[in-house]
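A.B. asks: The structure's right below; bear with me while I get my questions together.
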Amino acid sequence: MLIKILFIVFSLSITTLLFAKKKDVINFAPLPTKSSSQNVKEFLPVNNYLKDKLSLDINYVYKKNYRDILDGFEKGDIDIAYLGPLPFISLKKEYPFAEPIVTFKQSNGSAKYRCVVAKFIDDKFDKTKQIKVALTQPLSTCGYLMTNILLKDKFNIKLKDEKYKYTMSHTNALISVVKGEFLLAGAKKSIAKKFESLGVEIIAQSEFLPGFSLIVNTKTLTKKQIHQIQNALLSISKENYKKFGGIISNGLEKAHINDYDSLNIDFHIPQNGNM
Amino acid sequence: MNKKLSIIIFIVILITISLYKYIKISEEVATQNLADKTLESVKVANNAILDTYMVVAQKDFFDILKNGEVPKLLKKFKYATNEEQNLLRGKLYRILYKEYDLLKTLNIRGLHFHTHDGKSLLRFHAPSKNGDSLINSRTSVRIANTEFRVVVGFEGGRTYPGNRYVFPIIYKNDHLGSVEFSVSFEGIEKKFKNILPFYAHMIIYEKDIIYKKVFKKNREFFIDSDLDKNYCTENYSISRITKNIQNDTFVNKLISSIKETPDFIKKLNKKESFAIPIIENDNGYIITFLAIKNIDKQNAGYIISFGKFQDIVELRNEYNHFIFIGFIVALFIYLLIAVVLIQIQNIKKESSKLHKFIDIQDSIVILTDGHEFKFANKKFFDFFGYEDLDDFLLEHHCICEHFIKIDDFFSLDDVQDKEDNWVESLLNLSGRKRIVSMQNKDLINSAFSITINKYDEENYIINFSDISDTMHEKLHLQKQLVKDQLTKAYNRNYFDNNIDKLIKLHNNKNEKTGIIFLDIDHFKDVNDTYGHQVGDEVLKTIVNIVKSNIRDEDKLIRWGGEEFIIILSASKIDNVYKNAEHLRLLIEAYNFEKVGKLTCSFGIVLHQNDSDINESIKKADEKLYESKNSGRNKVSL
């Protein structure tokens with residue numbers, strides 16, 4: 001078994017070395033959920049920095065959804081993408097040449113975050129009855145994936161047996177709980193905390209998960225390039241974080257593939273709710 | 001002529017330009033009036049819309065209060081702990097979120113509860129943002145919670161600006177806070193579009209007013225206005241209007257045109273409503289800027305409405321018609337003036353030729369209707385010694401004044417009562433009798449035969465041909481009439497007819513008139529002793545002595561018997577005296593035939609212009625007798 005694994009790793013390395021060649025133009029895929037002008041605004045300072053530092057030209061490749069980004073990686077159209085943990089794990093499952101290099105910190109200074117399950121204080125949670133759960137998006141880590149894990153771990157409830165709906169944002173999921181339309185909501189902890197002032201209480205929370213990261217395509221970029229890009233980003237001084245603004249405004253840290261271990265499970269995420 | 005022509009052309013051009021300017025200014029004023037009326041309609045519509053929202057807000061406010069659950073919850077909230085407040089806030093949201101959804105369909109974007117001490121209790125449009133104090137940043141919240149009265153008006157906010165309707169909530173005499181309904185511009189714009197004939201509407205805010213109040217993070221919702229850097233507008237992520245306008249070529253083109261209009265920035269900075277009419281490529285547009293004042297009475301921005309209004313193009317076309325008509329009229333006037341000027345020029349040329357022709361005539365030629373003297377040729381002025389007609393008319397009215405009354409010569413005395421004037425009178429005479437005598441500037445008489453020709457309906461050209469030579473004999477006789485037959489000195493008749501002219505002649509030379517009165521001493525003895533024939537010879541000799549020793553222009557007049565008068569020009573009495581003394585000595589020294597020595601006595605006077613000449617003669621006579629009485633052969637003055 002070990003020999004087989006070593007052979008696969010060796011083969012992948014050889015393939016990487018054979019196919020990867022030095023590129024001067026990097027195809028970058030920003031978040032598909034934001035508008036192009038907003039993406040430019042958020043990424044432009046970092047792109048300009050890389051351009052100056054490494055003499056690389058950054059070409060924006062806009063994809064409508066995560067599926068297109070995954071396809072772009074496989075086709076070699078995308079060299080770098082900005083992805084949350086779940087899209088990365090999904091990509092990694094299909095395309096082993098995707099690797100995180102840096103993770104961006106949030107406003108609380110941490111590059112990691114937790115997902116939570118929350119409810120309105122006054123609402124009764126009767127596990128014996130079928131409940132309604134508000135989720136964010138299918139490919140949101142705190143959506144179906146983590147909510148399902150938390151419900152199973154903390155309350156021994158399987159999400160697929162309950163009623164659930166994608167509300168398309170953390171805020172929508174939480175506000176629907178305040179409205180009384182749903183009993184539970186799965187969301188990012190930092191956002192759920194803001195809704196405590198509206199009577200929302202967190203009833204379960206996950207371990208720390210890695211935040212949004214830059215994922216490189218090791219098949220299209222050389223190791224040297226990847227290393228250069230990673231080093232260049234990590235060498236940005238703290239003073240420049242605020243100056244650059246956008247995604248880097250809170251800083252960044254080196255990404256570790258191990259951080260994704262807790263997500264490295266077999267899962268099937270339904271693309272639509274069941275309500 | 002050229003100067004006059006230039007002045008006329010300049011005046012006509014000036015009038016034409018002034019007329020053009022006047023029409024253009026009138027057009028601008030009329031166009032601006034139309035734009036201002038359009039602005040007025042926007043104002044009225046805006047007020048009506050805001051009033052409508054007031055009704056909606058009032059109704060909703062009363063509905064909320066009628067729902068007993070809400071006031072009770074707010075009362076609990078006032079006295080609850082922080083944790084309890086969180087739950088109560090959530091409950092309030094749960095009770096009213098459907099109401100808020102309904103309000104949103106009516107374009108009321110904000111429903112915001114405030115605590116009794118002016119903090120944000122619950123923003124339905126941003127529920128997780130609460131607890132911040134508004135008492136200092138929001139005038140409406142302060143008034144509603146300190147003065148407990150309803151506040152209505154435009155105001156900036158922590159999330160976005162809008163028209164606020166803030167109601168204090170007092171429940172069972174307990175002040176629980178306030179509730180605010182905010183209408184976004186999108187709501188107003190939708191209604192504008194329903195009732196106003198404009199293409200698009202947008203709003204710009206004064207940056208200073210907005211940025212002071214909005215959450216720092218929310219500043220990114222605002223972008224600089226294309227119109228002026230001091231103004232901003234909501235960005236496309238929160239404003240459908242901005243999104244639409246950003247991609248609207250019509251509006252963007254008009255924005256560019258507005259920026260190019262003169263005084264635009266000046267008008268904008270005046271912070272009062274204004275309207276700009278624009279005509280481009282035969283399309284008319286009116287852009288109105290409705291000034292928005294906030295609750296603090298500060299200028300908060302402008303509602304800008306863009307519309308296509310062909311009325312202003314039609315108005316311009318009407319004024320262009322006026323300009324065209326004005327141009328045609330001006331052209332007609334130019335042509336008319338040109339024709340008139342050419343005619344005048346031609347007439348003047350002809351007239352000039354005629355003048356030249358008449359001027360070279362050897363006879364005097366005049367143009368008159370018998371009353372008014374209209375023209376005279378050069379010969380006329382040379383003869384009478386005047387520079388021009390005006391100069392002549394200063395002293396005379398008619399050439400007829402110069403006709404000397406002599407027998408066989410026509411004079412004004414010959415004009416009959418039934419005759420209108422002297423010309424008519426002459427015309428009634430036969431040609432041979434049309435003869436006048438006139439004296440020239442040197443007081444020399446000439447005779448003229450007159451021919452009269454009709455010039456036009458009123459005027460006659462009258463020709464005075466000098467026939468002095470042919471009339472010599474007659475004139476000689478005439479001379480006899482004015483001269484003493486014995487001595488050939490002038491007689492008293494001459495004096496009577498000419499003394500005024502002589503005085504005037506002296507005056508013209510800035511001199512006075514001197515009078516020397518002389519009488520031959522003991523002349524009676526000469527007659528008695530030697531007979532009258534010798535006496536006559538003595539008289540002739542003395543006249544010859546005197547005539548030979550006075551100037552040509554000095555006149556010797558035989559006054560009577562052995563008395564003579566000399567009329568001469570003199571600047572002072574001394575000159576007169578010298579002349580008299582000189583004559584006295586000559587006569588004294590002269591040896592008269594048969595008689596021998598004789599003397600004369602003299603009396604002299606310098607005539608003053610303002611006195612009577614007869615008085616001066618009398619004085620000279622008195623001086624003469626002084627000489628006689630004091631021993632004779634003397635000059636007394």
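A.B. asks: Residues of the stretch A:250-270 being among the polar types (S, T, N, Q), at pLDDT 85 or above and surrounded by 12 or more Cβ atoms within 10 Å (Cβ to Cβ), which ones?
C.D. replies: A:ASN250
A.B. asks: Can B:GLU553 be described as within 60 Å of the chain's Cα centre (by Cα), surrounded by fewer than 16 Cβ atoms within 10 Å (Cβ to Cβ) and of a type outside the set (Phe, Trp, Tyr)? It would help to see each step written out before you state the result.
C.D. replies: Details: within 60 Å of the chain's Cα centre (by Cα): yes; surrounded by fewer than 16 Cβ atoms within 10 Å (Cβ to Cβ): yes; of a type outside the set (Phe, Trp, Tyr): yes.
It is true that B:GLU553 is within 60 Å of the chain's Cα centre (by Cα), surrounded by fewer than 16 Cβ atoms within 10 Å (Cβ to Cβ) and of a type outside the set (Phe, Trp, Tyr).
A.B. asks: Taking the stated definitions as given, is A:SER190 within 30 Å of B:LEU121 (Cβ to Cβ), within 14 Å of chain B (Cβ to nearest Cβ) and either surrounded by fewer than 19 Cβ atoms within 10 Å (Cβ to Cβ) or within 22 Å of the chain's Cα centre (by Cα) (or both)?
C.D. replies: Criteria met by A:SER190.
A.B. asks: Being of a type in the set (Phe, Trp, Tyr), surrounded by 14 or more Cβ atoms within 10 Å (Cβ to Cβ) and farther than 25 Å from B:GLY631 by Cα narrows it down to one of B:PHE523, B:PHE495, B:PHE517, so name that one.
C.D. replies: The match here is B:PHE495.
A.B. asks: Can you tell me which residue within the stretch A:137-187, out of those that are touching a residue at least 40 places away in the same chain (Cβ under 8 Å), part of a helix (DSSP H, G or I) and within 14 Å of chain B (Cβ to nearest Cβ), is farthest from A:LEU31 (Cα to Cα)?
C.D. replies: Of everything passing the filter in the stretch A:137-187, A:VAL178 is farthest from A:LEU31 (Cα to Cα).
A.B. asks: Yes or no: the stretch A:211-219 includes at least one residue that is modelled with pLDDT of 95 or more and within 14 Å of chain B (Cβ to nearest Cβ).
C.D. replies: No: zero hits.
A.B. asks: Let me ask something additional. Would you point out the residue of the stretch B:98-116, among those that are polar (S, T, N, Q) and either under 60 Å from the mean Cα position of the chain (by Cα) or under 26 Å from B:ILE188 (Cα atoms) (or both), that is farthest from the other protein chains (Cβ to nearest Cβ)?
C.D. replies: That would be B:ASN107.
A.B. asks: From the list B:THR451, B:THR470, exactly one residue is in a strand (DSSP E or B) and more than 30 Å from B:ALA570 (Cβ to Cβ). Which is it?
C.D. replies: B:THR451
A.B. asks: Only one of A:LYS63, A:LYS93, A:LYS105, A:LYS51 is more than 17 Å from the chain's Cα centre (by Cα) and either basic (Lys, Arg) or surrounded by fewer than 21 Cβ atoms within 10 Å (Cβ to Cβ) (or both); which?
C.D. replies: A:LYS51
A.B. asks: Okay, next question. Could you list, in sequence order, the residues of the stretch B:60-97 that are within 14 Å of chain A (Cβ to nearest Cβ), of a type outside the set (A, V, I, L, M) and not in a helix (DSSP H, G or I)?
C.D. replies: Listed by number, the list holds a single entry, B:THR81.
A.B. asks: I'm told A:LEU233 meets every condition in (1) within 14 Å of chain B (Cβ to nearest Cβ); (2) part of a helix (DSSP H, G or I) except one. Can you identify the failing condition by its number?
C.D. replies: Of the numbered conditions (1) within 14 Å of chain B (Cβ to nearest Cβ); (2) part of a helix (DSSP H, G or I), the odd one out for A:LEU233 is (1).
A.B. asks: Another one. In the stretch A:34-43, how many are over 20 Å from the mean Cα position of the chain (by Cα) and modelled with pLDDT of 70 or more?
C.D. replies: The initial filter retains those residues of the stretch A:34-43 that are over 20 Å from the mean Cα position of the chain (by Cα), namely A:37.
From the residues that got through so far, the ones that are modelled with pLDDT of 70 or more too are none.
Going through the stretch A:34-43 one residue at a time, the tally reaches 0.
A.B. asks: Being crowded, with 23+ Cβ neighbours inside 10 Å, modelled with pLDDT of 90 or more, more than 14 Å from chain B (Cβ to nearest Cβ) and within 17 Å of A:ILE269 (Cα to Cα), is that true of even one residue in the stretch A:112-126?
C.D. replies: Yes, the stretch A:112-126 has at least one match.
A.B. asks: On to the next question. What do you reckon, is B:ILE613 within 25 Å of B:GLU511 (Cα to Cα), under 60 Å from the mean Cα position of the chain (by Cα) and not small (Gly, Ala, Ser)?
C.D. replies: So B:ILE613 fits the description; yes.
A.B. asks: Are any residues in the stretch B:199-219 away from chain A (no Cβ under 14 Å) and under 17 Å from A:GLN38 (Cβ atoms), and if so, which ones?
C.D. replies: Answer for the stretch B:199-219, where residues must be away from chain A (no Cβ under 14 Å) and under 17 Å from A:GLN38 (Cβ atoms): just B:ASN218.
A.B. asks: Do we have A:PHE195 as crowded, with 22+ Cβ neighbours inside 10 Å, away from chain B (no Cβ under 13 Å) and over 19 Å from A:ILE149 (Cα atoms) here?
C.D. replies: Criteria not met by A:PHE195.
A.B. asks: With the requirement that a residue be in a helix (DSSP H, G or I), within 14 Å of another protein chain (Cβ to nearest Cβ) and in contact with a Phe, Trp or Tyr (Cβ under 9 Å, 6 or more places away or on another chain), what does the stretch B:220-264 give you?
C.D. replies: Filtering the stretch B:220-264 down to residues in a helix (DSSP H, G or I) leaves B:220-221, B:240-246, B:249-260, B:264.
Remaining after also requiring within 14 Å of another protein chain (Cβ to nearest Cβ): B:220-221, B:242-243, B:246.
Residues satisfying the conditions are B:PHE221, B:THR242, B:LYS243, B:GLN246.
A.B. asks: Turning to a different aspect of this structure: I'd like the full set of residues that are of a type in the set (Asp, Glu) and assigned to a loop (DSSP other than H, G, I, E, B), limited to the stretch B:410-448.
C.D. replies: Within the stretch B:410-448, B:ASP417, B:GLU419, B:ASP420, B:ASP442 qualify.
A.B. asks: Does the stretch B:354-367 contain at least one residue that is without any contact (Cβ under 8 Å) to a residue 12 or more places away in the chain and not hydrophobic (A, V, I, L, M, F, W, C)?
C.D. replies: Yes, the conditions are met somewhere in the stretch B:354-367.
A.B. asks: So if I check each of B:ILE520, B:ILE461, B:ILE545, B:ILE516, which one is aliphatic (A, V, I, L, M), over 30 Å from B:ALA589 (Cβ atoms) and at pLDDT 85 or above? First the steps, then the outcome.
C.D. replies: Working: B:ILE520 fails: over 30 Å from B:ALA589 (Cβ atoms); B:ILE545 fails: over 30 Å from B:ALA589 (Cβ atoms); B:ILE516 fails: over 30 Å from B:ALA589 (Cβ atoms).
None of the other options fit; the residue is B:ILE461.
A.B. asks: Right, next: Applying the selection to the stretch B:117-163, what residues are touching a Ser or Thr at 6+ places or on another chain (Cβ under 6 Å), within 14 Å of another protein chain (Cβ to nearest Cβ) and either of a type in the set (Lys, Arg) or closer than 20 Å to B:TYR205 by Cβ (or both)?
C.D. replies: Correct list: B:LYS119, B:ALA126.
A.B. asks: Same structure again: Among the residues of the stretch B:351-360, is there at least one that is of a type in the set (Gly, Ala, Ser), under 51 Å from the mean Cα position of the chain (by Cα) and assigned to a helix (DSSP H, G or I)?
C.D. replies: Scanning the stretch B:351-360, I find at least one residue that is of a type in the set (Gly, Ala, Ser), under 51 Å from the mean Cα position of the chain (by Cα) and assigned to a helix (DSSP H, G or I), so the answer is yes.
A.B. asks: Select from the stretch A:88-126 the residues that are over 26 Å from B:TYR93 (Cβ atoms) and basic (Lys, Arg) and list them in ascending order.
C.D. replies: Matches in the stretch A:88-126: A:LYS92, A:LYS93, A:LYS105, A:LYS112.
A.B. asks: Looking at (1) free of Cβ contacts under 8 Å to residues at least 40 places away in the same chain; (2) over 30 Å from A:ASP79 (Cβ atoms); (3) away from every other protein chain (no Cβ under 14 Å); (4) of a type outside the set (A, V, I, L, M, F, W, C), find the lone condition where A:GLU207 falls short.
C.D. replies: All conditions pass for A:GLU207, except number (1).
A.B. asks: Just give me the residues in the stretch A:57-95 being among the aliphatic types (A, V, I, L, M) and more than 17 Å from A:SER140 (Cβ to Cβ), in sequence order.
C.D. replies: Residues satisfying the conditions are A:ILE58, A:VAL61, A:ILE78, A:ILE80.
A.B. asks: (1) in contact with an Asp or Glu (Cβ under 9 Å, 6 or more places away or on another chain); (2) free of Cβ contacts under 8 Å to residues at least 12 places away in the same chain: which one isn't true of A:ALA118, the others all being true?
C.D. replies: Single failed check for A:ALA118: (2).
A.B. asks: Name every residue in the stretch A:214-258 that is within 30 Å of A:MET146 (Cβ to Cβ) and out of contact with any helix residue (DSSP H, G or I) (no Cβ under 8 Å at 6 or more places or on another chain), in order of residue number.
C.D. replies: Selection gives A:ILE226, A:GLN230, A:LEU234, A:ALA255, A:HIS256, A:ILE257, A:ASN258.
A.B. asks: So, in the stretch B:507-532, of the ones that are part of a loop (DSSP other than H, G, I, E, B) and over 20 Å from B:ASP442 (Cα atoms), which residue ends up nearest to the chain's Cα centre (by Cα)?
C.D. replies: Step by step, filter the stretch B:507-532, then rank; the result is B:ASP521.
The values are calculated or read from the model by the stated rules, or taken from the named source; none is laboratory data. Predicted, not measured: the structure shown is a model, and the values here were computed from it. A quick note on method: Cβ atoms are made from the backbone with ideal geometry, for glycine too, and the neighbour counts reach across all protein chains shown.
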